[in-house]
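The values are calculated or read from the model by the stated rules, or taken from the named source; none is laboratory data. All figures in this text were calculated on a predicted structure; none of them were measured in a lab. All Cβ positions, glycine included, derive from the backbone under ideal geometry; neighbour counts span all protein chains shown. To get the accessible areas, we keep the full protein, side chains included, count just its heavy atoms, and leave off ligands, DNA and RNA. Shrake-Rupley method; radii C 1.70, N 1.55, O 1.52, S 1.80 Å.
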Amino acid sequence: MATRLLGLAVPLLLTACAVATDPADYQPPVQPTITINTIPNGADISIQGNYVGVSPLAVPAPDQYRSGEPWRIEVRLAGYEAKNVVMGNYHPPQDQVLTRMVESASMIYSAPVGTKTIPAYYTFPNRIDIKLYPLPGTQVPAAVAPAAAVPAGVQPAASAQPGQLAPPAFTPPATTYQAKRSYSNGDTYVGEFRAGQLNGKGVYQFANGNRYEGEFRDNHMQGNGTFTCANGKTIPGPFNKLQPLGLVMKCD
């Protein structure tokens, strides 16, 4: 009986393997693209000096829509002014603080152990619309083919003037300003910022009900302040280089 069952199992196993490895069932991954549209359409498009086709067209996007350099798009259409567009939102290099968890008699906190520099990069939208203007003295047809519809929820990218980058992402001012920041774990901070970091006086509300009100420096609780546990227990400062994100205080 065992021999008969084994004899049946082998063909079934081979059949299953054949189905799993059938090339017809393979679905290649979808290649992300960036759509380049011109108004009017029909313009020759070159990227980084290489001709890629006639608008509108979709070209392969860089990995995760980011790259170490911007795209330089050249647009040429008979009867219209040539246009050069530099596309990409610039993100400056950042120093990421490396931490480790440290436990003391009263708290468990994240202590800095070094930094890692994240190089500068550019991010790209999934679509850009480029408007062309007729050459002086050139007559163009009264009816111009409309641009392709923009998919719902997609914002067209702002084009830049020749030799300029597209409008960069928000750059915080160097002076102190008031703002609110929400974190993915449910924590929130309301208070003073400088250069995009927690600097000055503010209130950090933890998702578990704990609360710190006091002074901050470079995203750390540093200086005078009071930590109030969800159960009402208070821990007075001063505090020294405590990173609030991930901080666990012993409030028992």
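Of everything in region 224-252 that is small (Gly, Ala, Ser) and open to solvent by 20 Å² or more (accessible area, probe 1.4 Å), the residue that is nearest to residue 96 (Cα to Cα) is 246. Going by what's in this entry, would residue 63 be described as open to solvent by 80 Å² or more (accessible area, probe 1.4 Å) and either in contact with a helix residue (DSSP H, G or I) (Cβ under 8 Å, 6 or more places away or on another chain) or at pLDDT below 90 (or both)? Against the criterion (open to solvent by 80 Å² or more (accessible area, probe 1.4 Å) and either in contact with a helix residue (DSSP H, G or I) (Cβ under 8 Å, 6 or more places away or on another chain) or at pLDDT below 90 (or both)), residue 63 qualifies. Note on region 157-215: among residues that are open to solvent by 80 Å² or more (accessible area, probe 1.4 Å) and among the hydroxyl-bearing types (Ser, Thr, Tyr), the one that is modelled with the lowest pLDDT is 171. Grab the strands (runs of 3 or more DSSP E) fully contained in region 177-237, keeping just those with 3 or more residues being among the hydrophobic types (A, V, I, L, M, F, W, C). Output list is empty. One residue stands out among those in region 100-111 that are open to solvent by 60 Å² or more (accessible area, probe 1.4 Å) and touching a Ser or Thr at 6+ places or on another chain (Cβ under 8 Å): the one that is nearest to residue 73 (Cα to Cα), which is 100.
Taken over region 79-97, the criterion of being touching an Asp or Glu at 6+ places or on another chain (Cβ under 9 Å) and either open to solvent by 20 Å² or more (accessible area, probe 1.4 Å) or part of a strand (DSSP E or B) (or both) is satisfied by 82, 83, 84, 85, 97.
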